[in-house]
Structures are given as structure tokens and as C-alpha cells.
């Protein structure tokens, strides 16, 4: 792990602690208790459904594959990104690795992951743009619209550049394939050329690409339901459009803060600043952020445990025949004596 990531995580945790101390632990706990278990389970169940649909969006890029494979891979990807102290790329590598353990070829896992990430990035851009339009409509007096619009335009250019690199470059595929295969068991990606060939084939299936994009966009828009439900159950309801603005701009900020593991501290500060625009108290905004952290842990820790058990079982099966054959030989030697 890079020292910069460690420093960012430590600084983020310190920021969360500072916010709780500044706002008052009792006030934050009151907001959490106001949301209560009903709010948590609403957020939990909605998120489970959305992650599953995002797995289906990934599967749309691989015709004939079993849907559960990519749903599982998506859960592993999100768990790695949200629970482990990695950058989002670390979670993507774990997700790609998880689907290879089910029999998906390495080049297919790598190429479909790259395309799925690209489609989701475009969906996030549209989602953020939608949030910006609603922000201008709901709060036309705010001076933040132009900088955000410029940021979206810059991100759009970056997304187009990403497509160009994917269509005409090999280096990114070679590195991704090497990372998936490095240090694992026998099944790994077969090199940049194989990944590139699968990538071109994936983009040629326009229907699957469009299905993947639209499903991602629908999931990002529907993700605002989590906070909307939690706030209603807490007795501090906000209009769905307001929640959508907060959530869309929050994830835009999280994307910019990709270097900080799990956007620790950044998410909490963004919630407080964006929530204040629509009358959300700082205590409730921080409680919502902490509720999401709790949700990620409750989902992510069991997923990572199951994934680790699958990896361990695979390695055990790989080396078990050696120890199994050693026993009978020793017994036979004793009989001969």
C-alpha cells in the first residue's frame, strides 16, 4: 500500500473524528437513532438490489455467461473498493479475479471489467449532469453551477479520451491483465493482445453496451432512494429531487477524491456541505454518511470472507494431492519393514 494512501486514510479518519467532536457525539447519535434500524434495513436492502442490477449490467457485456457470476463479481468489486484500504482500482482487480475463479477466461474478465467501468463512468457523468440541472432549477441563486458544469465538461473529455485509449492502446490492457494474473493460481489473463481482442469484440456488441450503460444510469438515479427513505423514516424528509442533487454531486466529489481510500473524510464533509444547501442539519448529514459506512461493512465483510475462503479452497485443492499421495507411500514402507 502506498504511503500516500495510508496518509490520506489516516487524515480522513481524523477528519471524521474531528467532525463528530465538533458537532457533538450525542447529537450525531440522536440523528442515527432517529433513522433507527428501519432506516438502516431500507438502505441495506435497496443497496443489495442495486449492486445486483449492476452485476447484471456487467453480465450484459458477456453473452451466454451466467448472471450470478457477474453479480458475485460486482459484490466483490464493491467490497474491495469500500471496505479494504485500496483505491477503487484494487476493488476492480478483486472483482475481475473473482469471476475468473468461476471459469470466465482471464481476457474476458479483464476486458469486460474495463468496458463496464467505462460505461459506469459515462453513467455517472449523466447522473451528475442531471443533478446539476436540478440544482440550477431548485437553487438558481447558487454560484456553484458554472464550476460544476466546467468540471462535468472536463470529465466528459476525459471519458472520450479513455475510449480512444481503449480502442488504440495496449499498455493499459497489459498492465491490467498482469495485475489480475500476478501471484494467483493458474488461471490468469493471456496478455495485452488477447485482452484487446476481447475488448474490441465487446464494443462491437452494441446492444449489450447500451443495456449496460442504461442499467448503470438507472441504478445511479435509483441510489438516491436509499437516503430519501432513510430521511423519511427519520422524520426529516427531503424532496426526492433534492436528495438526487446531493447524491449526484457527492459521487462526483468522491470520484475526484479517488486517491483517498474509500473517500474517508471527503464523503462526510461533502454530505455536510451539500446537505446544508437543502436544509439538512450537519448532524443528520454526518449520520447519513456513517450509516452508509455501516452498510458497506455489513455487506462487504461477509463478501470478502466468502471470497477469501474460495481463494483458499482453490489453493488447498491445488496442493492437497501432494500431501494425499505422501501418506500411502509412507504406510507401504512400514509394511515392507
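The values are calculated or read from the model by the stated rules, or taken from the named source; none is laboratory data. Given the structure is predicted, the values throughout are model-derived calculations rather than measurements. Neighbour counts are summed over all protein chains in view; Cβ atoms, including those assigned to glycine, are modelled from backbone coordinates with ideal geometry.
I'm trying to understand the selection: among the residues of segment 89-112, which are buried (at least 24 other Cβ atoms within 10 Å of the Cβ) and under 13 Å from the mean Cα position of the chain (by Cα)? Passing the criteria: 92, 95, 96.
Could you check, for segment 289-296, whether at least one of its residues is outside any helix (DSSP H, G or I), farther than 19 Å from residue 74 by Cα and in contact with a helix residue (DSSP H, G or I) (Cβ under 9 Å, 6 or more places away or on another chain)? No, the conditions are met nowhere in segment 289-296. Say whether the condition of being over 21 Å from the mean Cα position of the chain (by Cα) and modelled with pLDDT of 90 or more is met by at least one residue in segment 242-264. Within segment 242-264 (the criterion being over 21 Å from the mean Cα position of the chain (by Cα) and modelled with pLDDT of 90 or more), the answer is yes, since at least one residue qualifies.
For residue 259, the requirement of being touching a residue at least 24 places away in the same chain (Cβ under 8 Å), out of contact with any strand residue (DSSP E or B) (no Cβ under 7 Å at 6 or more places or on another chain) and more than 18 Å from residue 31 (Cα to Cα) is met.
Does residue 148 count as modelled with pLDDT of 90 or more and either part of a helix (DSSP H, G or I) or closer than 30 Å to residue 312 by Cα (or both)? Considered against the rule, which asks whether it is modelled with pLDDT of 90 or more and either part of a helix (DSSP H, G or I) or closer than 30 Å to residue 312 by Cα (or both), residue 148 comes out as no.
What number of residues in segment 197-212 are buried (at least 16 other Cβ atoms within 10 Å of the Cβ) and in contact with a helix residue (DSSP H, G or I) (Cβ under 8 Å, 6 or more places away or on another chain)? So the answer is 8.
Taking the criterion of being farther than 26 Å from residue 56 by Cβ and either within 18 Å of the chain's Cα centre (by Cα) or outside any helix (DSSP H, G or I) (or both), would at least one residue in segment 219-235 satisfy it? There is at least one residue in segment 219-235 that is farther than 26 Å from residue 56 by Cβ and either within 18 Å of the chain's Cα centre (by Cα) or outside any helix (DSSP H, G or I) (or both).
With the structure loaded, tell me whether residue 62 is in contact (Cβ under 8 Å) with a residue 24 or more places away in the chain, crowded, with 17+ Cβ neighbours inside 10 Å and part of a helix (DSSP H, G or I) or whether it fails that test. No; evaluated as a whole, the condition is false for this residue.
Does residue 29 satisfy the criteria of being in a helix (DSSP H, G or I), modelled with pLDDT of 95 or more and surrounded by fewer than 16 Cβ atoms within 10 Å (Cβ to Cβ)? Here the answer is no, as residue 29 does not meet what is asked.
Just a yes or no: is a residue in segment 86-97 at pLDDT 90 or above and outside any helix (DSSP H, G or I)? For segment 86-97, residues at pLDDT 90 or above and outside any helix (DSSP H, G or I): absent. Any residue at all in segment 69-78 that is modelled with pLDDT of 90 or more, under 27 Å from residue 217 (Cα atoms) and assigned to a loop (DSSP other than H, G, I, E, B)? Checking segment 69-78: not a single residue is modelled with pLDDT of 90 or more, under 27 Å from residue 217 (Cα atoms) and assigned to a loop (DSSP other than H, G, I, E, B).
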